């Protein structure tokens, strides 16, 4: 058994639970990944990239991610005002972890396909 200094499973002080409260939800991960893949983006460009997101949800999600230090908002005092969003260094540190989770999910998805076809994992 692995010893930790946290009283898990996923109690209020659990670091994993805390992390998921920051990046969880339907759109936050997609926002983070879009900004990471494309780089700095303007609001409307990001909204077009995220098919189906409402203005209200995008604005509130960006605000929350900014408050948590994962997304930077830069406003240019032009007419009309231009606002750009990008990932922060803290978010860049998170990306390798998310990539590993993505790899794990991809492996799980492959496993689901083989289970449906009746193929054993040892046969792959």
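The values are calculated or read from the model by the stated rules, or taken from the named source; none is laboratory data. Not measured: the values here are computed from a predicted model. When we count neighbours, we look across all protein chains shown, and the Cβ atoms used for this are built from the backbone with ideal geometry, even at glycine.
Evaluate the stretch 26-41: report whether one residue or more is modelled with pLDDT of 95 or more, over 11 Å from the mean Cα position of the chain (by Cα), surrounded by 13 or more Cβ atoms within 10 Å (Cβ to Cβ) and part of a strand (DSSP E or B). Yes, that holds for at least one residue. So residue 22 fits all but one of (1) surrounded by 11 or more Cβ atoms within 10 Å (Cβ to Cβ); (2) farther than 22 Å from residue 90 by Cα; (3) modelled with pLDDT under 95; what number is the exception? The failed condition is (2). For the stretch 50-68, does any single residue satisfy the condition of being assigned to a strand (DSSP E or B) and in contact (Cβ under 8 Å) with a residue 40 or more places away in the chain? No: zero hits. One residue stands out among those in the stretch 63-83 that are buried (at least 17 other Cβ atoms within 10 Å of the Cβ) and in contact with a strand residue (DSSP E or B) (Cβ under 6 Å, 6 or more places away or on another chain): the one that is farthest from residue 28 (Cα to Cα), which is 72.
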